[in-house]
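For reference, the structure discussed in these notes is given below.
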Amino acid sequence: MSTMKEKMHTGELYLPGDEEIIKEQFDCLELLYDYNATRPKEQEKRQELLKKMFAEIGTDCYIEPPLHANFGGKHVHFGKNVYANFNLTLVDDTHIYVGDYTMIGPNVTIATAGHPLLPELRRQGYQYNKRIRIGRNCWIGAGAVIVPGVHIGDNAVIGAGSIVTKDIPSDVVAVGNPCKVLREIDEAEIERLKKIEKIN
């Protein structure tokens, strides 16, 4: 029989107030507190803390404090050269994967946790978690919200303020609430962008 802690990563309903879970969570939050208390010039200290806090953190990642995370990044996997601006919120009750060179704007929420629709189960405090995957070289605009179970493909751009409730494919611009594909970033779009953005 699975423990509550094991159920955090299976998608099953579980009770997040379980004693074993809470103890581990507080240990993680202590490190997060230390990270958010660093001074701007303490870049090396921040990098050392991120290595302790995150499940995986690639080289040359930068996360602007304050960072908010249920488990202080314990279930978060960042590739290399990931940039996150102020007030990133990671509801990392299960795993979040972010690919290399992805940029995350200010006030973005990436939430793996959900609650049952049945009122009685919510009253008892039950929760379930679903993994989130964000591909390589994505741009997540300011104030976007990504809900449990969503996968975002490589090179995707998510417009500011979008609510991402379903998977988004690679090589697209997607915007809105709910977030939908606006256009593909195909060869014709790339040529158009070169002219607009003055790229040689």
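The values are calculated or read from the model by the stated rules, or taken from the named source; none is laboratory data. Fair warning: this is a prediction, and the values are worked out from it, not measured in the lab. FYI the Cβ positions are ideal-geometry reconstructions off the backbone, even for glycines, and counts take in every protein chain you see.
Tell me which strands (runs of 3 or more DSSP E) are completely within region 72-184 and hold 2 or more residues being over 26 Å from Tyr62 (Cβ atoms) and of a type outside the set (A, V, I, L, M, F, W, C), or say none if there are none.
Because the criterion is at least 2 residues that are over 26 Å from Tyr62 (Cβ atoms) and of a type outside the set (A, V, I, L, M, F, W, C), the strands (runs of 3 or more DSSP E) in region 72-184 that meet it are 180-184.
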The condition of being surrounded by fewer than 21 Cβ atoms within 10 Å (Cβ to Cβ), under 18 Å from the mean Cα position of the chain (by Cα) and of a type in the set (A, V, I, L, M, F, W, C) holds, among Ala174, Ala188, Ala84, Ala142, only for Ala142
Test Lys80 against the stated conditions and say whether it is farther than 29 Å from Glu12 by Cα, charged (D, E, K, R), at pLDDT 95 or above and touching a Cys at 6+ places or on another chain (Cβ under 9 Å). yes
Take the conditions β-branched (Val, Ile, Thr) and at pLDDT below 95 and apply them to Ile196. Does it pass? yes
May I ask you to say which residue of Lys52, Lys23 is on the phi < 0 side of the Ramachandran plot, in contact with a helix residue (DSSP H, G or I) (Cβ under 8 Å, 6 or more places away or on another chain) and not in a loop (DSSP other than H, G, I, E, B)? Lys52
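Go through region 55-65 and report how many residues are part of a loop (DSSP other than H, G, I, E, B), within 20 Å of Ala111 (Cβ to Cβ) and in contact with a Phe, Trp or Tyr (Cβ under 7 Å, 6 or more places away or on another chain).
So the answer is 2.
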